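Below is one structure, written out as structure tokens; the observations come after it.
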Amino acid sequence: MRQILRGRIGMERRLISKTKILGTLFLVASLRLSAMDRWEALSQLESGDDDHASGRSGEVSRYQIQLQIWRRFAGVNANWQNPADALAVAQKIMAQRCADFQRKFQRAPSDFEFYILWNAPSQIAAPGKAVSERARRFCNLLAAPEPEKNSSSNNIAKPPS
């Protein structure tokens, strides 16, 4: 009888152990699935992935690009309602803004700063409350930690206290 009980207890322990491992793997996989890359998060935050979005100030595409900026960076046949075209234009815009940031601060922008460069590049040194809040939401979509409030002076775009 004792051997049977030991056998059952051993099987139950192995089953519990396997269940914990599978549960942990499932949790990790689901967390990874919920995180977005920068472009997905930007599209989601700006327009809810709406390829036909048009902003109050005339912004176009899923990335809500100001029309004059779209015209400067888009090719002649680029269609702002086409996700591939919109992404290509957004990437060109940000390549220039990130390169400028890199030259000025000798490092790549954090996710928080990336969003500020997208939304309000002139506020990169001192983002306003509304821009900071949107940058935090952008970071949350990326599942990226926010910058620390008491970080070194190297972090340019700090959220307001």
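The values are calculated or read from the model by the stated rules, or taken from the named source; none is laboratory data. Predicted model only: the values in this text are computed from it and were never measured. Backbone-built Cβ (ideal geometry, glycine too); neighbour counts: all protein chains shown. All accessible areas refer to the heavy atoms of the entire protein, side chains included, with ligands and DNA or RNA removed. Shrake-Rupley method; radii C 1.70, N 1.55, O 1.52, S 1.80 Å.
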Filter region 89-104 for residues that are farther than 18 Å from Met36 by Cα and in contact with a helix residue (DSSP H, G or I) (Cβ under 9 Å, 6 or more places away or on another chain) and give the result. Val89, Lys92, Ile93, Gln96, Arg97, Cys98, Asp100, Phe101
Which members of region 39-58 meet the condition of being in a loop (DSSP other than H, G, I, E, B) and over 20 Å from the mean Cα position of the chain (by Cα)? His52, Gly55, Arg56, Ser57, Gly58
Considering only residues that are surrounded by fewer than 12 Cβ atoms within 10 Å (Cβ to Cβ) and under 18 Å from the mean Cα position of the chain (by Cα), look in region 85-109 and name the one that is nearest to Gln44 (Cα to Cα). Ala95
So Gly58 clears everything in (1) modelled with pLDDT under 95; (2) over 23 Å from Leu141 (Cβ atoms); (3) open to solvent by 40 Å² or more (accessible area, probe 1.4 Å) except one condition, right? Which one? (3)
Scanning region 114-161 residue by residue, those surrounded by 13 or more Cβ atoms within 10 Å (Cβ to Cβ), modelled with pLDDT under 95 and not in a helix (DSSP H, G or I) turn out to be Ala143, Ala144, Glu146, Pro147, Asn155, Ile156, Ala157, Lys158, Pro159
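Quick grid of which residues meet (1) small (Gly, Ala, Ser); (2) out of contact with any Cys (no Cβ under 8 Å at 6 or more places or on another chain); (3) more than 25 Å from Asn140 (Cβ to Cβ):
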{"residue": "Leu67", "(1), (2), (3)": "no, yes, yes"}
{"residue": "Ala74", "(1), (2), (3)": "yes, yes, yes"}
{"residue": "Ile93", "(1), (2), (3)": "no, yes, no"}
{"residue": "Phe101", "(1), (2), (3)": "no, yes, no"}
{"residue": "Leu117", "(1), (2), (3)": "no, no, no"}
